[in-house]
Amino acid sequence: MNDPMEHATGLEKRELLAKAAGNDNPFDMKVFKRGAGTKENPNLIPSAFDARIVGCICEEDQTYVQWMWLQKGTSKRCECGHWFKLVEKAPV
């Protein structure tokens with residue numbers, strides 16, 4: 001079978017190129033470790049869009065995820081008190 005890179009086009013090809021360059025998470029889909037998350041120093045969430053849905057696992061043993069929308073240019077506080085902010089990222 002030929003190399004998949006020769007047949008891939010569009011987004012699939014950009015994903016394969018990113019993985020070949022060492023970026024195994026080009027769409028930022030893996031879980032981020034939460035930092036301090038204060039209003040002055042919020043957790044920075046990368047996005048190539050003006051909004052992104054984010055899930056916060058407020059407690060380590062929590063059995064559900066607290067989902068919220070982040071909008072570009074504003075910080076948002078989760079119910080647990082941690083702050084999040086969307087930062088611009090180049091698209092894949």
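Each row is one residue, and each column tells you yes or no for (1) surrounded by 14 or more Cβ atoms within 10 Å (Cβ to Cβ); (2) at pLDDT 90 or above; (3) in contact with a strand residue (DSSP E or B) (Cβ under 6 Å, 6 or more places away or on another chain).
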| position | (1), (2), (3) |
| --- | --- |
| Met1 | no, no, no |
| Ala8 | yes, no, no |
| Leu11 | no, no, no |
| Ala21 | no, no, no |
| Asn25 | no, no, no |
| Arg34 | yes, no, yes |
| Ile45 | yes, yes, yes |
| Cys78 | yes, yes, yes |
| Ala90 | no, no, no |
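Note on region 1-16: residues that are out of contact with any Pro (no Cβ under 9 Å at 6 or more places or on another chain) and touching a residue at least 12 places away in the same chain (Cβ under 8 Å) total 3. Counting just the residues of region 59-73 that are touching a residue at least 12 places away in the same chain (Cβ under 8 Å) and not charged (D, E, K, R), which one comes out surrounded by the most Cβ atoms within 10 Å (Cβ to Cβ)? Result: Leu70. So is Cys56 surrounded by 12 or more Cβ atoms within 10 Å (Cβ to Cβ) and within 29 Å of Gly22 (Cα to Cα) or not? The answer is yes for Cys56.
The values are calculated or read from the model by the stated rules, or taken from the named source; none is laboratory data. Since the structure is predicted, the reported quantities are computational estimates derived from the model, not experimental observations. Glycine also receives a Cβ, built like all others from the backbone with ideal geometry; neighbour counts cover every protein chain displayed.
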